[in-house]
Amino acid sequence: MIRTRITEMFGLRYPIIQAGMIWTSGWRLAAAVADAGGLGLIGAGSMTPDLLREHIRKIKKSETKGVWGVNLPIFFQYADDMEKVIIEEGVKIVFTSGGSPKKYTGRFKEAGMKVVHVTSTPELASKCEDAGVDAVVVEGFEAGGHNGRDELTTLVLVPQTTDVMRIPVIAAGGIYDGRGVAAVLAMGAEGAQIGTRFAATLESSCHPKFKEAMVSASPTDTFLVLKKLIPARVIKNEWFQRITEAEARGATPDELLQLIGEKRTKRGMFDGDLNEGELQIGQITGAIHELKAAGDLVHQIGRECEEVLKDLYARIIA
């Protein structure tokens with residue numbers, strides 16, 4: 001059994017965190033991951049405050065005895081109202097992202113919560129530590145969805161962050177199996193946050209067509225766009241082509257916003273429009289060949305990580 005400060009902090013069987021993804025991470029996915037010994041996160045970024053409250057109450061009423069929390073994007077239009085919901089509902093773990101952790105960390109900590117912030121550089125991770133968070137997630141350029149502008153990959157980001165941090169570091173970006181979890185543990189991380197692989201599970205709430213697109217995608221089918229706004233890694237499609245053509249000719253942020261339009265991620269990820277929707281997903285999509293139950297996936301990744309570490313020790317160290 002792998003023990004790190006993250007497994008001890010949250011009471012986990014495996015050092016595995018399921019990312020709180022938009023249109024994907026509802027209470028069913030979080031509960032399935034929690035039941036298997038990982039940390040399941042409800043993704044608030046595509047919910048209204050009332051819907052978030054509903055998902056929190058449903059996971060409370062479910063039979064899960066595992067560990068779960070909520071991911072809250074700070075830049076989200078409903079973030080202030082969701083902060084109130086999270087505190088009122090007595091959530092114990094909050095992962096924040098997309099802004100300064102100073103905004104909510106103090107109030108969450110006063111309410112007795114563990115707070116983790118997601119960031120993309122060692123410098124920003126240090127600022128998160130100064131803001132009082134309990135741990136940080138550092139997310140590499142390989143990850144799906146919104147990324148940092150600095151294009152640091154997980155392989156270089158994780159060790160440079162763990163070298164300067166006193167609080168635990170969780171690695172994210174390009175991790176999909178036990179080998180990846182073992183690799184980031186070797187670089188000093190104490191847990192792995194996994195998004196894309198959990199999007200392609202039976203319990204995720206994204207559209208079946210989007211799940212099929214993940215399974216059939218090749219390793220080169222994603223690309224980072226919208227660096228003038230908030231960079232996002234997406235699957236290439238007709239909408240993506242228009243965006244990249246506009247960026248190539250120097251379109252302004254306002255022009256890009258018009259091309260994005262309303263609810264573009266919902267159209268693709270939740271409604272299943274594979275041509276005109278924004279399909280946020282990570283580079284590891286080329287390694288996904290089938291949909292699995294989330295709980296089975298947690299056990300598979302966790303046990304594979306243990307075996308990889310044992311095998312490395314036996315072959316190289318012992």
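The values are calculated or read from the model by the stated rules, or taken from the named source; none is laboratory data. The structure presented is a predicted model; accordingly, all values stated were derived computationally and were not measured. Heads up, the Cβs are rebuilt from the backbone with ideal geometry, glycines too, and the neighbour counts pull from every protein chain shown. Accessible surface is based on the protein model in full, side chains and every heavy atom, while ligands, DNA and RNA are left aside. Shrake-Rupley method; radii C 1.70, N 1.55, O 1.52, S 1.80 Å.
A few remarks follow.
- Within the chain, percent of DSSP bridges classed antiparallel, to nearest 5: 20 percent
- Per-residue HN-Hα couplings for the stretch 302-315 [Karplus 6.51, -1.76, 1.60; θ = phi - 60°; Hz; x = Gly/Pro]: x, 5, 4, 4, 4, 5, 4, 5, 4, 5, 4, 5, 5, 7
- If the chain linking Glu212 and Lys228 were pulled fully straight, counting 0.36 nm for each residue of separation and taking away their Cα-Cα distance, it would gain 2.8 nm.
- Karplus-derived HN-Hα couplings along the stretch 255-260 (A = 6.51, B = -1.76, C = 1.60, θ = phi - 60°), whole Hz, x at Gly and Pro: 5, 5, 4, 5, 5, 5
- Over the stretch 119-218, relative contact order from alpha-carbon pairs under 8 Å, at least 6 apart, %: 23 percent
- Burial ranking of peptide ranges 45-53, 279-287 (average Cβ count within 10 Å, highest at the top): 279-287, 45-53
- Applying 1/(1 + (r/R0)^6) with r as the Cβ-Cβ distance of Glu290 and Lys65 and R0 = 35 angstrom yields a FRET efficiency of 0.80.
- Computed lengthening from Phe75 to Ala314, 0.36 nm per intervening residue step minus Cα-Cα distance: 81.4 nm
- Relative packing of 104-115, 28-39, which averages over residues the other C-beta atoms within 10 Å, highest first: 28-39, 104-115
- Karplus-derived 3J(HN,Hα) values for the stretch 186-195, using 6.51 cos²θ - 1.76 cosθ + 1.60 with θ = phi - 60°, are 5, 8, x, 5, 10, x, 10, 9, 10, x Hz; glycine and proline are entered as x.
- Near Ile17, the amide H atoms lying under 5 Å from its own belong to Leu39, Ala192, Gln193, Ile194; only residues 5 or more places off or on other chains count, and H is placed 1.01 Å from N.
- Net charge dipole size for the chain [Lys, Arg +1 and Asp, Glu -1 on Cβ; Debye, nearest 20]: 560 debye
- Ordering of 298-310, 214-226 by burial proxy (mean other Cβ atoms within 10 Å per residue, highest first): 298-310, 214-226
- Cα centroid separation - the stretch 238-279 against the stretch 94-153, whole Å: 27 Å
- Taking a point 7 Å from the Cα of Lys92 along the Cα-to-Cβ direction, the residues of the stretch 53-68 with backbone N closer than 11 Å to it are 65-68.
- Relative contact order of the chain: 18 percent, from C-alpha pairs under 8 Å at least 6 residues apart in sequence.
- When a 1.4 Å probe is rolled over the protein heavy atoms, the share of accessible surface on the stretch 82-161 that falls to carbon and sulfur comes to 51 percent.
- Averaged per residue, the chain has 44 square angstrom of accessible surface, using a 1.4 angstrom probe with ligands and nucleic acids left out.
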